[in-house]
1. Any chance segment 6-18 includes a residue that's touching a residue at least 40 places away in the same chain (Cβ under 8 Å), more than 22 Å from ASP179 (Cα to Cα) and out of contact with any Ser or Thr (no Cβ under 9 Å at 6 or more places or on another chain)?
2. Quick one: VAL74 ticks every box in (1) in a helix (DSSP H, G or I); (2) closer than 21 Å to LEU183 by Cβ except a single one, so which number is it?
3. Please go through segment 97-120 and pick out each residue that is in a helix (DSSP H, G or I) and under 24 Å from ILE48 (Cα atoms).
4. Of the residues ASP162, ASP179, which single one is part of a loop (DSSP other than H, G, I, E, B) and under 15 Å from the mean Cα position of the chain (by Cα)?
5. Going through segment 121-143 one residue at a time, which ones are of a type in the set (Lys, Arg), within 21 Å of VAL13 (Cα to Cα) and part of a helix (DSSP H, G or I)?
6. Confirm whether TRP67 is crowded, with 18+ Cβ neighbours inside 10 Å and not charged (D, E, K, R).
7. If the Cβ limit is 6 Å and pairs must be 6+ apart or interchain, which residue in segment 91-102 that is on the phi > 0 side of the Ramachandran plot pairs with which residue that is of a type outside the set (D, E, K, R)?
8. Would a scan of segment 148-158 turn up a residue that is under 18 Å from the mean Cα position of the chain (by Cα), assigned to a loop (DSSP other than H, G, I, E, B) and of a type in the set (Gly, Ala, Ser)?
Amino acid sequence: MEEVKKGIIPQHVAVIMDGNGRWAKKRRQPRLAGHRAGAKAIRGIVEIATEVGVEYLTLYTFSTENWRRPQEEVLGLMQLFEEQLEKDLDELDRQGVKIRVIGRLDEVRESTRNAFLRAVERTKDNSKLNLIIALNYSGRAEILDTAKALCAAVKEGKETSDFDEEIFSRYMYTSNIPDPELLIRTSGEMRISNFLLWQIAYAEIWITDKLWPDFSKKDFIQAIADFQTRRRRFGGLDED
């Protein structure tokens, strides 16, 4: 196992896995080859997250905006999701990984949706690591869906109109998931790309120029080591 310094391990790490397409372009390969290489990188990060004691790992796999990409790439991604679940599910289950999905899963094609639902059911009793897949997800869509669900609850008399942030959070996709303490983004881009907009309000952000297929266990440890040096004030002042 890669060495990790003594210190606080973030309970929840979220990752924007960016750079698959550029990785493939640099090698004069089709974009889907980059996505396949990126899928391999996920395995190592799940392993190291489990080993160091991260409890929740959220991966941004497909956004609501990604439907704008060429149909061939979108279909290839959906097929890749299904293939990787078929290939890796036994090992993930053995490792004690609990798979969860957030996003508008009902809009994903049936075979892909069913593959994820089977994985969720298969691993529902595991507790070593919560692997949260953000699929057909966007932060704005989640907030909009949450507002609609809460308005319906108020209309039905289940909630009052005098709700607060805590009550609002109960209706989010991540209602029973702690907010990320660390957000990792690969490929050097300086933006959060509509990812977990509500939840990352006070997350520490760590950005690397490495493209996602090249992101290694060592890089993950480096991100955690940097997190351990941060002073998290949540709008307050340092005690000293």
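The values are calculated or read from the model by the stated rules, or taken from the named source; none is laboratory data. Worth saying up front: this structure is predicted, and the values here are computed from it rather than measured. Because the Cβ atoms are built from the backbone with ideal geometry, glycine has one as well, and the counts that use them run over all protein chains shown.
1. First, pick out the residues of segment 6-18 that are touching a residue at least 40 places away in the same chain (Cβ under 8 Å): 7-18.
After this cut, where a residue has to be more than 22 Å from ASP179 (Cα to Cα) as well, the list is none.
No: zero hits.
2. Failed condition: (2).
3. Hits for segment 97-120 are PHE116, ALA119, VAL120.
4. Values: ASP162 fails: under 15 Å from the mean Cα position of the chain (by Cα).
After applying the criteria, what remains is ASP179.
5. Initial filter on segment 121-143 (of a type in the set (Lys, Arg)): 122, 124, 128, 140.
Within this subset, residues satisfying the condition of being within 21 Å of VAL13 (Cα to Cα) are 124, 128, 140.
Across segment 121-143, the qualifying residue is only ARG140.
6. On the way: crowded, with 18+ Cβ neighbours inside 10 Å: no; not charged (D, E, K, R): yes.
Considered against the rule, which asks whether it is crowded, with 18+ Cβ neighbours inside 10 Å and not charged (D, E, K, R), TRP67 comes out as no.
7. What qualifies is GLY96/ASN126.
8. Among the residues of segment 148-158, not one is under 18 Å from the mean Cα position of the chain (by Cα), assigned to a loop (DSSP other than H, G, I, E, B) and of a type in the set (Gly, Ala, Ser), which makes the answer no.
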